[in-house]
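Heads up, the thing below is written out as C-alpha coordinates.
The values are calculated or read from the model by the stated rules, or taken from the named source; none is laboratory data. It should be emphasised that the depicted structure is a prediction, and the values quoted were computed from it without experimental measurement. We place every Cβ from the backbone using ideal geometry, glycine too, and count neighbours over all the protein chains shown.
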(Lines give C-alpha, C1' and ligand atoms only; values in the text may rest on other atoms or scores of the structure.)
Protein backbone atom coordinates (compact mmCIF):
# COMPACT_ATOMS: atom_id res chain seq x y z
CA UNK A 1 0.00 0.00 0.00
CA UNK A 2 1.24 3.45 -0.94
CA UNK A 3 0.04 6.99 -0.23
CA UNK A 4 -1.22 7.35 -3.81
CA UNK A 5 -3.31 4.18 -3.40
CA UNK A 6 -5.25 5.35 -0.33
CA UNK A 7 -8.97 5.56 -1.07
CA UNK A 8 -12.15 5.98 0.91
CA UNK A 9 -14.25 2.86 1.29
CA UNK A 10 -16.72 2.50 -1.53
CA UNK A 11 -19.92 4.34 -0.67
CA UNK A 12 -18.23 6.60 1.91
CA UNK A 13 -18.54 9.62 -0.35
CA UNK A 14 -21.82 9.95 -2.16
CA UNK A 15 -22.71 12.71 -4.61
CA UNK A 16 -25.86 14.56 -3.66
CA UNK A 17 -28.81 14.27 -6.05
CA UNK A 18 -29.09 17.37 -8.22
CA UNK A 19 -32.82 17.76 -8.62
CA UNK A 20 -34.62 19.68 -11.35
CA UNK A 21 -32.04 18.84 -14.04
CA UNK A 22 -34.19 17.31 -16.75
CA UNK A 23 -36.46 14.34 -17.40
CA UNK A 24 -33.64 11.77 -17.66
CA UNK A 25 -32.49 12.36 -14.08
CA UNK A 26 -35.75 11.03 -12.66
CA UNK A 27 -36.08 14.08 -10.43
CA UNK A 28 -36.61 16.77 -13.07
CA UNK A 29 -39.55 19.11 -13.63
CA UNK A 30 -41.23 19.31 -10.19
CA UNK A 31 -38.10 18.11 -8.38
CA UNK A 32 -39.78 15.66 -6.02
CA UNK A 33 -42.28 18.23 -4.75
CA UNK A 34 -45.37 16.88 -6.48
CA UNK A 35 -47.76 19.26 -8.23
CA UNK A 36 -48.48 22.91 -7.61
CA UNK A 37 -49.66 24.49 -4.40
CA UNK A 38 -48.31 25.69 -1.09
CA UNK A 39 -45.88 22.84 -0.45
CA UNK A 40 -44.33 23.19 -3.91
CA UNK A 41 -43.21 26.71 -3.08
CA UNK A 42 -40.09 27.73 -1.21
CA UNK A 43 -40.17 28.93 2.41
CA UNK A 44 -43.25 26.99 3.45
CA UNK A 45 -43.58 25.64 6.97
CA UNK A 46 -46.95 24.29 7.95
CA UNK A 47 -45.70 23.21 11.35
CA UNK A 48 -48.27 21.33 13.37
CA UNK A 49 -50.97 21.59 10.70
CA UNK A 50 -52.78 18.28 10.30
CA UNK A 51 -55.08 19.02 7.38
CA UNK A 52 -57.87 20.51 9.47
CA UNK A 53 -57.85 17.74 12.07
CA UNK A 54 -57.36 19.12 15.59
CA UNK A 55 -53.57 19.26 15.89
CA UNK A 56 -51.72 17.34 18.57
CA UNK A 57 -50.55 20.46 20.42
CA UNK A 58 -54.19 21.48 20.84
CA UNK A 59 -55.49 18.00 21.70
CA UNK A 60 -53.19 17.72 24.72
CA UNK A 61 -54.10 19.52 27.96
CA UNK A 62 -52.18 22.52 29.29
CA UNK A 63 -49.99 21.70 32.26
CA UNK A 64 -48.13 23.77 34.83
CA UNK A 65 -46.92 27.32 34.59
CA UNK A 66 -43.71 29.29 34.16
CA UNK A 67 -42.56 30.99 37.31
CA UNK A 68 -42.37 34.75 36.90
CA UNK A 69 -38.86 36.15 37.41
CA UNK A 70 -37.46 32.67 38.05
CA UNK A 71 -33.92 32.82 39.37
CA UNK A 72 -31.23 31.06 37.37
CA UNK A 73 -28.46 29.78 39.62
CA UNK A 74 -25.01 28.47 38.80
CA UNK A 75 -24.66 24.89 40.00
CA UNK A 76 -21.30 23.48 41.04
CA UNK A 77 -20.39 20.11 42.50
CA UNK A 78 -17.90 19.74 45.31
CA UNK A 79 -15.88 17.51 42.98
CA UNK A 80 -15.43 20.46 40.59
CA UNK A 81 -14.20 22.62 43.50
CA UNK A 82 -11.65 19.95 44.45
CA UNK A 83 -10.53 19.68 40.82
CA UNK A 84 -10.05 23.47 40.67
CA UNK A 85 -7.94 23.31 43.83
CA UNK A 86 -5.87 20.40 42.43
CA UNK A 87 -5.29 22.38 39.20
CA UNK A 88 -4.13 25.40 41.29
CA UNK A 89 -7.01 27.56 40.03
CA UNK A 90 -8.50 28.00 43.51
CA UNK A 91 -6.68 28.76 46.75
CA UNK A 92 -8.17 26.60 49.53
CA UNK A 93 -6.99 29.02 52.24
CA UNK A 94 -9.12 31.89 50.86
CA UNK A 95 -12.93 32.07 51.12
CA UNK A 96 -14.82 30.77 48.07
CA UNK A 97 -17.84 32.62 46.65
CA UNK A 98 -19.34 33.37 43.22
CA UNK A 99 -17.03 36.32 42.56
CA UNK A 100 -13.94 34.19 43.32
CA UNK A 101 -15.13 31.36 41.07
CA UNK A 102 -15.82 33.77 38.18
CA UNK A 103 -12.45 35.51 38.65
CA UNK A 104 -10.58 32.19 38.58
CA UNK A 105 -12.50 30.98 35.52
CA UNK A 106 -14.28 28.09 37.26
CA UNK A 107 -17.62 29.72 36.42
CA UNK A 108 -18.28 31.80 33.33
CA UNK A 109 -20.68 34.37 34.81
CA UNK A 110 -22.30 35.02 38.20
CA UNK A 111 -25.99 34.61 37.14
CA UNK A 112 -28.39 34.92 40.14
CA UNK A 113 -26.24 33.08 42.66
CA UNK A 114 -24.69 29.69 43.37
CA UNK A 115 -25.98 26.26 44.37
CA UNK A 116 -23.51 23.80 45.82
CA UNK A 117 -24.21 20.15 45.01
CA UNK A 118 -22.67 17.06 46.59
CA UNK A 119 -21.37 15.05 43.62
CA UNK A 120 -17.71 14.06 43.95
CA UNK A 121 -15.27 14.20 46.84
CA UNK A 122 -13.60 17.09 48.62
CA UNK A 123 -10.40 16.83 50.64
CA UNK A 124 -9.56 20.53 51.07
CA UNK A 125 -10.77 22.61 54.00
CA UNK A 126 -12.89 25.34 52.40
CA UNK A 127 -14.90 28.32 53.61
CA UNK A 128 -17.72 28.51 51.07
CA UNK A 129 -20.39 31.22 50.70
CA UNK A 130 -23.35 30.10 48.57
CA UNK A 131 -27.06 30.73 48.08
CA UNK A 132 -28.08 27.08 48.46
CA UNK A 133 -26.29 23.87 49.41
CA UNK A 134 -27.56 20.30 49.25
CA UNK A 135 -27.47 18.23 52.44
CA UNK A 136 -24.77 15.93 51.00
CA UNK A 137 -22.62 18.94 49.99
CA UNK A 138 -22.92 20.44 53.49
CA UNK A 139 -21.98 17.13 55.08
CA UNK A 140 -18.96 16.66 52.79
CA UNK A 141 -17.62 20.21 53.33
CA UNK A 142 -18.03 19.95 57.11
CA UNK A 143 -16.46 16.45 57.15
CA UNK A 144 -13.38 17.90 55.38
CA UNK A 145 -13.18 20.54 58.12
CA UNK A 146 -14.63 23.41 56.09
CA UNK A 147 -17.60 25.68 56.63
CA UNK A 148 -20.62 26.75 54.58
CA UNK A 149 -22.23 30.17 54.86
CA UNK A 150 -25.66 30.52 53.26
CA UNK A 151 -26.55 33.93 51.85
CA UNK A 152 -29.78 35.05 53.50
CA UNK A 153 -32.23 36.61 51.09
CA UNK A 154 -34.29 39.59 52.24
CA UNK A 155 -37.87 38.39 52.77
CA UNK A 156 -40.59 41.02 52.81
CA UNK A 157 -43.11 40.95 55.66
CA UNK A 158 -45.99 40.71 53.17
CA UNK A 159 -44.40 37.64 51.53
CA UNK A 160 -43.89 36.01 54.92
CA UNK A 161 -47.55 36.64 55.80
CA UNK A 162 -48.66 35.06 52.50
CA UNK A 163 -46.46 32.03 53.13
CA UNK A 164 -47.90 31.52 56.62
CA UNK A 165 -51.44 31.91 55.31
CA UNK A 166 -50.92 29.31 52.57
CA UNK A 167 -49.26 26.92 55.06
CA UNK A 168 -52.23 27.28 57.39
CA UNK A 169 -54.58 26.60 54.48
CA UNK A 170 -52.60 23.49 53.49
CA UNK A 171 -52.60 22.28 57.09
CA UNK A 172 -56.38 22.78 57.32
CA UNK A 173 -57.07 20.83 54.09
CA UNK A 174 -54.83 17.95 55.24
CA UNK A 175 -56.75 17.60 58.54
CA UNK A 176 -60.19 17.31 56.88
CA UNK A 177 -61.51 13.70 56.79
CA UNK A 178 -62.58 12.32 53.42
CA UNK A 179 -66.31 13.11 53.12
CA UNK A 180 -68.73 10.35 52.14
CA UNK A 181 -66.33 7.42 52.50
CA UNK A 182 -67.34 4.65 54.85
CA UNK A 183 -70.69 6.26 55.66
CA UNK A 184 -73.39 3.83 55.15
Can you tell me which condition residue 164 does not meet? The list is (1) surrounded by fewer than 11 Cβ atoms within 10 Å (Cβ to Cβ); (2) at pLDDT 90 or above; (3) within 29 Å of the chain's Cα centre (by Cα), and all the others hold.
(3)
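Here's the yes/no breakdown for (1) modelled with pLDDT of 90 or more; (2) within 42 Å of the chain's Cα centre (by Cα); (3) in a loop (DSSP other than H, G, I, E, B):
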{"position": "30", "(1), (2), (3)": "yes, no, yes"}
{"position": "36", "(1), (2), (3)": "yes, no, yes"}
{"position": "39", "(1), (2), (3)": "no, yes, no"}
{"position": "46", "(1), (2), (3)": "no, yes, yes"}
{"position": "57", "(1), (2), (3)": "yes, yes, no"}
Checked against (1) closer than 19 Å to residue 131 by Cβ; (2) touching a residue at least 40 places away in the same chain (Cβ under 8 Å), residue 82 satisfies every condition except (1)
Which of the residues belonging to the stretch 124-141 are out of contact with any strand residue (DSSP E or B) (no Cβ under 6 Å at 6 or more places or on another chain) and surrounded by 12 or more Cβ atoms within 10 Å (Cβ to Cβ)?
124, 125, 136, 139, 140
Do the conditions hold for residue 61, that is, is it at pLDDT 90 or above, surrounded by 10 or more Cβ atoms within 10 Å (Cβ to Cβ) and either in contact with a strand residue (DSSP E or B) (Cβ under 9 Å, 6 or more places away or on another chain) or over 30 Å from residue 15 (Cα atoms) (or both)?
no
Qualifying residue in the stretch 77-97 (condition: modelled with pLDDT under 95, more than 30 Å from residue 112 (Cβ to Cβ), in contact with a helix residue (DSSP H, G or I) (Cβ under 6 Å, 6 or more places away or on another chain) and part of a loop (DSSP other than H, G, I, E, B))
no
Select from the stretch 124-137 the residues that are more than 22 Å from residue 153 (Cβ to Cβ) and within 22 Å of the chain's Cα centre (by Cα) and list them in ascending order.
136
Across the stretch 86-123, which residue is surrounded by the most Cβ atoms within 10 Å (Cβ to Cβ) among those that are in contact (Cβ under 8 Å) with a residue 24 or more places away in the chain, more than 24 Å from residue 70 (Cα to Cα) and under 27 Å from the mean Cα position of the chain (by Cα)?
96
